[in-house]
Amino acid sequence: MGTETLDFKTIKQILSGADSDENLFAEADRIRRSIYGDAVYLRGLIEISNHCKNNCYYCGIRADNTNLTRYRLDKDAIFDCCRKGYELGFRTFVLQGGEDPYFTDDRLCEIVSKIHECYPDCAVTLSVGERSRESYQRLFEAGARRYLLRHEAASEELYGVLHPSDMSLANRLRCLYDLKEIGYQVGAGLMVGAPGQTLDHLLEDIRFMEKLQPDMIGIGPYLRHADTPFGRSSAKCAQGLEKEQKLQLTIRLLAILRILFPYALIPSTTALGTIDPEGRALGLKAGANVIMPNLSPADAREKYAIYNNKLYTGAESAQGIALLRKQVEEAGYRIVTDIGDVKRKDSQ
Ligand code: 5AD
C-alpha cells in the first residue's frame, strides 16, 4: 500500500475496518521510521488551570460543572514544574489549561519569557485555547514557539453538536490560521468516537488538516465525563462509540494520519492510554511518535479531569519515566529527550 493509494474512498474503507490493520500499521510504521527513526519525543505537560469560561458539552472542566474543585498554578508553581522536568530530561514544556481569564497576556507572557530565558534549550508550547491574534503575537514574542489547539470538528454541523452556540468553528479556524501566520508550529486534532461523529466527519477533518498542514496532530478517543451534558444523558446519540470500537478507530486514524502527514508530530495520547492498558503502545506502533507525561503537581492532576478515570500516575507521570522508557522499548522504540522539533521536507 503506497501513499498514492490513500484516496478518500480507501480511507473510509480502512476506517470502517474492511481492510487488514496489519498492513496499515506496517506502512505507517515504515513511514515514521523513514523520517523519525525509532525516536519517541517527550513533552512535559503542565496543567496550569482547570478554570474555563467555556461549556463544551463533552468536557469535565466546563464552566457549569460545580462538582469540581477549581485550581490554578501561580508562576512559581509552574516554574517549579519546569525545574523538575528539566532535571528529568524534558526539553519541551506544554502549558495547558482551560480558557481561564486570570491568565491575561501580561501574566502569561511573564511566565513564558521567564521559562524561555532560563531554559533557552527548551521549547515552550502553549495550549490555552482561543485568544486574539494580538495575544498570540505577544506570546510568540515572549518565546512560545508551538501551540496546540484541536479544531475538534471541521464540520460546522458536528462542531455545533459538541459546543454551545457561543462558540464557533469559524473562530477556532481563525485562531489556527493566525497562529500559523505568526510562525508557531501548530497542532490541530480531534476526539474519535465523539457523540454524533460519523466516518464522513472524520474525512472532513482529514480534508481540513490537508489544507492547514499542521505540524502536530493530537487525536484520542472521546471518553465520558459524568458531570457533563453528554455524560448525564442516557440518549443513544450522546454516548459516542463503544470502547473497543473507539480504540480501533483511533489507532486506524493515527496510522492514516502518519501516512498522509509523514512529518507530523503525533502523540500517543493519555486518552488512548486511559481507554486500554495497551493503548499507548498500540498508538506508537500505528505511527505516533510523541508522549506527553504529566509534570503537574500531584494535587492538580486529579482536578484536571477532562474525562473520568484519566491516568495520572505510573508511566503517565513524569516521575514514572523509567517505567515509560521500558514500555516504549518493549513496543520497539526509544525515548529521546532532545527538543524534538518537527522535521520538514525542506529541512532535509
Ligand atoms: N474525552 C476525550 N478528550 C477530551 N477532551 C476534552 N474532553 C474530553 C473527553 N471527555 C480533549 C479535547 C481538548 C483536549 C485538551 O482534550 O479534544 O481539545
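The values are calculated or read from the model by the stated rules, or taken from the named source; none is laboratory data. Only a predicted model underlies this, so the values are computations on that prediction, with no experimental measurement involved. Positions of Cβ are backbone-derived with ideal geometry, glycine not excepted, and every protein chain shown enters the neighbour counts. The area values use the complete protein model at the heavy-atom level, side chains included, leaving out ligands, DNA and RNA. Shrake-Rupley method; radii C 1.70, N 1.55, O 1.52, S 1.80 Å.
Note on the chain: dipole from Cβ charges, positive end direction compared against Gln96, Asn308, Ala235; the farthest Cα belongs to Asn308. For the chain, a crude dipole built from +1 on the beta carbon of Lys and Arg and -1 on the beta carbon of Asp and Glu, taken about the Cα centre, is about 200 debye to the nearest 20.
What number, in percent, do you get for the relative contact order of the stretch 127-194 if the mean sequence gap of Cα pairs under 8 Å and at least 6 apart is divided by its residue count? Working shown, then result.
Details: 70 pairs, mean separation 31.3, N = 68.
Relative contact order comes out at 46 percent.
Please work out how much length the chain gains when fully extended from Gln13 to Asp338, using 0.36 nm per residue of separation minus the C-alpha to C-alpha distance, in nm with one decimal. Intermediate values should be presented prior to the final figure.
Details: separation 325, 0.36 × 325 = 117.00 nm, distance 3.76 nm.
Roughly 113.2 nm would be gained on extension.
Remark: the stretch 1-104 carries 44 Å² of accessible area per residue (probe radius 1.4 Å; ligands, DNA and RNA excluded).
Of the peptides 299-305, 36-42, how do they stack up when ordered by the mean number of other Cβ atoms within 10 Å, highest first?
Ranked by mean Cβ neighbours within 10 Å, highest first: 36-42, 299-305.
The distance between label points at Lys75 and Asp166 comes to 2.9 nm (points 7 Å beyond Cα on the Cα→Cβ vector).
Once you've got the GNM for the chain with C-alpha springs shorter than 10 Å, pick whichever of Val161, Val290, Val124 has the biggest mean-square fluctuation. Its mean-square fluctuation being the largest, the pick is Val161. Distance from the C-alpha centroid of the stretch 220-247 to that of the stretch 258-308: 18 Å, rounded to the whole angstrom.
The residues of the stretch 130-280 expose on average 35 square angstrom of accessible surface per residue, using a 1.4 Å probe on protein heavy atoms. Here the stretch 193-348 is treated with +1 on each Lys and Arg Cβ and -1 on each Asp and Glu Cβ, and its dipole about the Cα centre works out to around 80 debye.
Note down the net charge around Asp276, summing +1 for each Lys or Arg and -1 for each Asp or Glu among other residues with Cβ under 9 Å from its Cβ.
On the way: positive: Lys243, Arg280; negative: Glu244, Glu278.
Net charge around Asp276: 0.
Note on the stretch 220-324: with neighbouring protein chains present and a 1.4 Å probe, carbon and sulfur make up 56 percent of its accessible heavy-atom surface. At a Förster radius of 45 Å, what calculated FRET efficiency corresponds to the Cβ-Cβ distance of Lys303 and Ser20, to the nearest 0.05? Given R0 = 45 Å and the Cβ-Cβ separation, E is 0.60.
In whole percent, how big is the carbon plus sulfur part of the accessible area of the stretch 28-138, probe 1.4 Å, protein atoms only? C and S atoms contribute 46 percent here.
Taking a sphere under 9 Å around the Cβ of Asp29 and counting the other residues whose Cβ falls inside, with K and R at +1 and D and E at -1, yields a net charge of +4. Spin-label pair Ser233-Thr66: with each label point 7 Å from Cα along the Cα-Cβ axis, the two points sit 2.3 nm from one another.
Could you give the length gained on full extension between Arg33 and Glu242, defined as 0.36 nm per residue of separation minus the Cα-Cα distance, in nm? Write down the numbers at each step before the final one.
Working: separation 209, 0.36 × 209 = 75.24 nm, distance 3.16 nm.
Once the chain is fully extended between Arg33 and Glu242, it gains 72.1 nm.
Students often get this wrong, so check it: of Lys9/Lys246; Lys84/Lys180; Lys180/Lys246; Lys9/Lys211, which have C-alpha atoms separated by over 23 Å? Listed pairs above 23 Å: Lys84/Lys180; Lys180/Lys246.
By the beta carbon rule, with partners counted only under 4.7 Å, the chain holds these lone Cys residues: Cys52, Cys81, Cys82, Cys109, Cys118, Cys122, Cys175, Cys237.
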